[in-house]
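Inspection log for the structure reproduced underneath, given as structure tokens.
The values are calculated or read from the model by the stated rules, or taken from the named source; none is laboratory data. Just so we're clear, the structure is a prediction, and the values are computed from it rather than from any experiment. Note that we place each Cβ from the backbone using ideal geometry, even for glycine, and neighbour counts take in every protein chain shown. Accessible surface areas use protein heavy atoms only, side chains included; no ligands, DNA or RNA. Shrake-Rupley method; radii C 1.70, N 1.55, O 1.52, S 1.80 Å.
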Amino acid sequence: MKGFVLTLRNGKNDLRAPDLRGIGKRVKAFITGYGLQSVFALLFLFGLIVGVACSASFDEDTFKRLDLLFTTNISARADMNVPDIFISCFVSYFLFVFCAFLSGISLWGFAAVPLLSAFRGFCVGLSSAFVFSVYRLSGVGFYILVILPGTILFLLAYIRYSAHAFRLSLRYAGASLWGADREPELRTYLKHFLKRTLFTLLAVTACAVTDLVLWILFADKFQF
């Protein structure tokens, strides 16, 4: 009987209403820590969908002329040596980081950083749809094994970096509105941003190395 009563009490405890305050605190902590990054991720996803939808209006010559943005000129890279492939992969990532850096240290850059995230998604969606449509099943396998890992790694680093660039640009805008009182705080944040830039460039290098290694390992396994 005593065990039965204890079981009933435990059952009542299990039926207690959830701690809404605790849930609210966790949601607030998530928004504070990752809310801005989540917005940029959604913008990337939006650009990805638009890129896939627009892929039918682009031809192969367009992709060849924009090879710095679209890492899909497979036939050209097949004739490159190892350093050239690395440089090609590195530059395609570096351009977006460089644009985000310039936006971060500018007064109105906070308006450009979200557009860059959406444009990166547009490039990925456009290039992936192009590879799938031109090279069919081989293109799908090639994209998953060779291109996608580096793209995901770069996306994780770039979204995080974009959040820092966005916040720094907002601080520049705030300093211009509220005067020199916020300049010491701005200098401190700028130093942190430069450190983040260095770490992001190291991440970009790692992404380019990943692309290169996967290309060496798997590129010759596909027939184009």
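Note on Ser38: accessible area is roughly 40 Å² with a 1.4 Å probe, heavy atoms of protein only.
Per residue, how many Å² of accessible area does segment 100-170 show with a 1.4 Å probe?
Details: 2750 Å² over 71 residues.
Per-residue accessible area for segment 100-170 comes out at 39 Å².
Along its first, second and third principal axes, ordered by size, segment 87-224 spans 62, 25, 18 Å in Cα coordinates.
Counting Lys and Arg as +1 and Asp and Glu as -1, what is the net charge of the other residues whose Cβ lies under 15 Å from the Cβ of Ser117? Numbers along the way, then the final one.
Numbers: positive: Arg120, Arg160, Arg167; negative: none.
My count for the surroundings of Ser117 gives +3.
Among Val146, Val140, the sequence by solvent-accessible area, most first, with a 1.4 Å probe is Val140, Val146.
The accessible-area ordering, largest first, of the residues Leu177, Leu145, Leu126 stands as Leu177, Leu145, Leu126, per a 1.4 angstrom probe.
For the full complex of protein chains and a 1.4 angstrom probe, list Ser128, Ser106, Ser57, Ser133 by accessible area with the highest value first. Working shown, then result.
Numbers: Ser128 15, Ser106 40, Ser57 95, Ser133 60 Å².
So, going from the largest accessible area down, we get Ser57, Ser133, Ser106, Ser128.
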